[in-house]
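In what follows, a single structure is set out as structure tokens and then discussed.
Quick note: the coordinates plus some simple rules give every number you see, no bench work behind them. In this text the structure is predicted, and so the values were computed from the model without any measurement. Backbone-built Cβ (ideal geometry, glycine too); neighbour counts: all protein chains shown.
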Amino acid sequence: MFPSWLLKNNTRLEQLYLSQNSFVGDLQLQDHPYPNMIELDISNNNMNGQIPKDICLIFPNLWSLMMAKNRFTGCIPSCLGNISSLEVLDLSYNQLSTVKLEQLTTIMLLKLSNNNLGGQIPTSVFNSSTLEYLYLGGNNFWGQISDFPLYRRKRWTILDLSNNHFLGMLPRWLVNSTRLIAVDLSKNHFKGSIPRDFCKLDRLEYLDLSENNLSGYIPSCFSPPQITHLHLSENRLSGPLTYGFYNSSFLVTTDLRDNSFISSIPNWIGNLSSLSVLLLRANHFDGELPVQLCLLEQLSILDVSQNQLFGPLPSCLGNLTFEESSLKAFAYLNSFYRPWSIENAYNETMGPVLVGSMFSLVKNYMLNFTEEVIKFTTKNMYYGYKGKVLSYMLGIDLSNNNFVGAIPPEFGNLSEILSLNLSHNNLTGSIPATFSNLKQIESLDLSYNNLNGGIPPKLIEITTLEVFSVAHNNLSGKTPERKYQFGTFDESCYEGNPFLCGPPLRNNCSEEAVLSQPMPDDEQGDDGFIDMEFFYISFGVCYTVVVMTIAAVLYINPYWRRRWLYFIEDCIDTCYYFAVASFRKFSNLRR
């Protein structure tokens, strides 16, 4: 249970931190006030029940109240809005269902995300002269927020309204907040285009507008120089990328999945030196894969699947290091709230050493704005990676395009990669033997191509492989030995290759079958291929030339003309003779 005995005799207590424990039951407080208490943190426990209605009387001078990640239910006491000193209130990740937001407008940081709150947000919340950090994501709020009149000095820093039921156009009043560094309006019902006014948000570091009904082009002027994470996926955005984000050298994540973008992937993408995650899946991009991608030394996840890209695969992609990074897993923002009351308290009691550590604590609490979630296909499943798991995820997905040519053997240098998907393309040639160097890979999909030759036997040395497919190619020879991970792969991993033999396939590798196997394409040379269109054209030209030559000779030379006529008469006589003879023989047979 909550250790209320800590408060019983400690009337001078100012800060109490009990977060990340396993306290259970109701929040039971003493029945007399504690005027010196300025900060109470009981977040990340298993406490339940309702928040005591007299909490404001017991702690009348609170500066910070953090009770997130518990199981509190019921309403949020409206008296919390009357505590003039209260600046930080975090009740997120509970089961609260009722709140009167108009009573909470004296607070600077309000975090009510991931509860069961609903209704329309009062205009007074957006008109509050003190509120700068607002987190309301993961609730049931609804209505339009595009036309709210704002307090003339309003300055937002963080605004999170994600995963609600807001609708209408995107609010243009955001551009009046020159200090705005993070906006999350994802998973709502916003429609229309991204306002050109968003180009004025030059301090923006985090923007998430994904899973809405947005359409139109991205303004070419929109290129916040400090932005690190950009999410515009699962909308109806269209047009080319032109010069959007070309100046955003701090960009770590670019997620443009499931839209209708067209044209080629711009070459300036190579200027995004910090880019770690590039997701362009399920659009209408065409052209070749730009070699400028090879300049992205921090790249760890690349997904350009389900587009119309063509041409050869850049061999220089094999030179990328694909290293782990925590920058793609968490959105760290360059902003934190400076707690003057705590600073003064520590200055008076413990000295400047602990003041620095206290600043670090508060700074980390504010900078870790959100845990990133990246959707990526691997092991034949569409997963959402987040947190530390995302930090370790390294993968390339080039599937469902029109890439041609051989798989570059340099791809075998991606020794740290966990997933490689080249399926559903027009790739030819053999499987590079260098793939045996992919010692960390868990998923390798080369299915639905035109690969030929045998499967390199050394692939069995990859002991981390969980999903493997070379189905529906033109491979031949024996399947890899059934040992280690390859002993777990079934027939579906090899199907669609008529000249493959050996377990787990049903056709045995007999000597006749081996002798009847066609020579791999790379050993046939050019003799095994006939361009039928070129053959028909050549035949037509040659036939025309021969006929015209014969006609010219007969016209010029009378002697050859007479010889030609005698030849034709002899041919006719011969044909007539054979026809009469055949007719008589047929008549005799009938009789």
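Quick one: net charge of Ser85's neighbours, Cβ under 14 Å, K/R +1, D/E -1? List each step's numbers first, then the result.
Working: positive: none; negative: Glu14, Glu39, Glu87.
That sum, taken over residues with Cβ under 14 Å, equals -3.
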- Query: In angstroms, what radius of gyration and Dmax does the stretch 378-505 have, counting Cα atoms only?
  - Reply: 14.0, 45
- Divide, for the stretch 412-479, the radius of gyration over alpha carbons by 2.2 N^0.38 Å, where N is the residue count. 1.02
- Please sort 116-126, 6-16, 442-452 by packing, taking for each peptide the average over its residues of neighbouring beta carbons within 10 angstrom, highest first. 442-452, 116-126, 6-16
- Task: Treating cross-link reach as a plain straight distance, find the lysines whose alpha-carbon is under 23 Å from the alpha-carbon of Lys478, omitting any fewer than eight places away in the same chain.
- Result: Lys439, Lys458
- Query: For the stretch 1-44 and the stretch 420-457, what is the separation of their C-alpha centers, rounded to whole Å?
  - Reply: 60
- Query: Which distance in Å, rounded to a whole number, links the C-alpha centroids of the stretch 62-95 and the stretch 109-131?
  - Reply: 12
- Message: Just to confirm a number: summing +1 for Lys and Arg and -1 for Asp and Glu over residues other than Asn307 whose beta-carbon lies under 13 angstrom from that of Asn307, what do you get?
- Response: -3
- When you take every Cα atom in the stretch 1-116, what is the radius of gyration, and what is Dmax, the widest Cα pair distance, in Å? 13.0, 37
- Note on the structure: With R₀ set to 35 angstrom, the calculated FRET efficiency between the beta-carbons of Asn402 and Thr73, to the nearest 0.05, is 0.05
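Grab the other residues whose beta carbon is less than 11 angstrom from that of Leu109, score K and R as +1, D and E as -1, and report the net. Kindly include the intermediate steps, with their values, before the conclusion.
Numbers: positive: Lys111; negative: Glu87, Asp90, Glu132.
Counting the neighbours of Leu109, the net charge comes to -2.
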- Order by protection proxy (mean Cβ within 10 Å, highest first), peptides 327-334, 235-242, 253-260: 253-260, 327-334, 235-242
